[in-house]
Amino acid sequence: MSGKTYIVEHLDEELGPWSELEYITIAKESQEAGARFCLSSLPAAFKVPERLTAIPAFHPTSQGVEEIYAADKSRVCLLDPAAKKDLSPEDGETFDVFLFGGILGDDPPRDRTSELRKKGFEGRRLGPVQMTTDTAVRVTRIVVEQKIPVADVPYLDYPELKFNEHESTQMPFRYVTGKDGKPIMPEGMVELIKKDADKAIDDLM
Ligand code: SAM
């Protein structure tokens, strides 16, 4: 049991298919690690997909992170691309709750993490490159649970996904690589990206 809580404050209006795949991945990896994954600030009318509720480590709530941790804010570390200090293995002793923005990445980044920064949680950076939310949680877990420094995690920046001889797309994010040297992405994500790219081309025609 890691005893850690990974909390993603959902900041988008709806739960799009990209976020859903990211959240399923975070929930599965939290389950394997014996950690909790809390998805906070969900609108009351929000219907959480069954694929998520079926994972015991997953805890959805309409409460916001400020409300949940009102009495013990110092336990919470905000993963913030604009923080002055990088996350370190020792932060695993200081904090037991790690907070992330439930925002889809954008290029160039719009700094929506600032919405959480304003709430006054202590911030740590995961290096200088923007990551997807599931990657940010994965890297945090590697640093605070496996005690590997942020700079020593194996990464791949801006990978190109090749769909066939003629079609490819470049992802504007940093990913952790697996044993095969390929970027770790949620199951079904490559297919979804291809579908969205095909749709964008169709819309142009
Ligand atoms: N463009 C975004 C923004 O507006 O802030 C970044 C969103 S990122 C896809 C989602 C979340 O992952 C962020 O809110 C942050 O918690 C975490 N994250 C991603 N890259 C990070 C980094 N390099 N350092 C710290 N946290 C990061």
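Of note:
- Nearest-0.05 FRET efficiency for L161 and K119, computed from C-beta distance (R0 35 Å): 0.50
- Modelled spin labels at K85 and E191, positioned 7 Å past Cα toward Cβ, are 4.4 nm from each other.
- Nearby aspartates and glutamates by direct alpha-carbon distance to K162 (threshold 16 angstrom, same-chain neighbours under 8 apart not counted): E191, D196, D198
- Among the lysines of region 5-148, pairs that are 8 or more positions apart or on different chains and have alpha carbons within less than 23 Å of each other number 12.
- Within a Gaussian network of the chain (alpha carbon springs, distance under 10 Å), most fluctuating of A70, A27, A45: A45
- Looking at region 43-97, the trypsin sites (Lys or Arg not before Pro) that sit in a DSSP loop and have at most 14 other Cβ atoms within 10 Å of their own Cβ are K47, K84, K85.
- FRET efficiency, D152 to K199 (Cβ-Cβ, R0 35 Å, nearest 0.05): 0.35
- Candidates F173, F100, F46, ranked by Gaussian network fluctuation over the chain, Cα under 10 Å, top entry: F46
- Rounded percent of accessible protein surface that carbon and sulfur make up, the chain, 1.4 Å probe: 51 percent
- In this simple spin-label model, placing a label point 7 Å from the Cα along the Cα-to-Cβ direction at both R75 and K179 gives a separation of 3.6 nm.
- As a length-normalised measure over Cα pairs under 8 Å and 6 or more apart, the relative contact order of region 96-194 settles at 23 percent.
- Relative contact order of region 3-97: 31 percent, from C-alpha pairs under 8 Å at least 6 residues apart in sequence.
- Each DSSP beta bridge with both residues in the chain is either parallel or antiparallel, and the antiparallel ones are about 25%.
- When the Cα gyration tensor is reduced to axis lengths a ≥ b ≥ c, the ratio a/c is 1.5 or higher for the chain, and with a/b above b/c it is classed as prolate.
- With contacts taken as Cα pairs under 8 Å and at least 6 residues apart, the chain reaches a relative contact order of 21 percent.
- Surface analysis of the chain yields an accessible area of 53 Å² per residue, using protein heavy atoms and a 1.4 Å probe.
The values are calculated or read from the model by the stated rules, or taken from the named source; none is laboratory data. Predicted model only: the values in this text are computed from it and were never measured. In this analysis, Cβ positions are derived from the backbone assuming ideal geometry, glycine residues included, and neighbour counts consider all displayed protein chains. Just the protein is used for accessible areas: all its heavy atoms, side chains included, with ligands, DNA and RNA removed. Shrake-Rupley method; radii C 1.70, N 1.55, O 1.52, S 1.80 Å.
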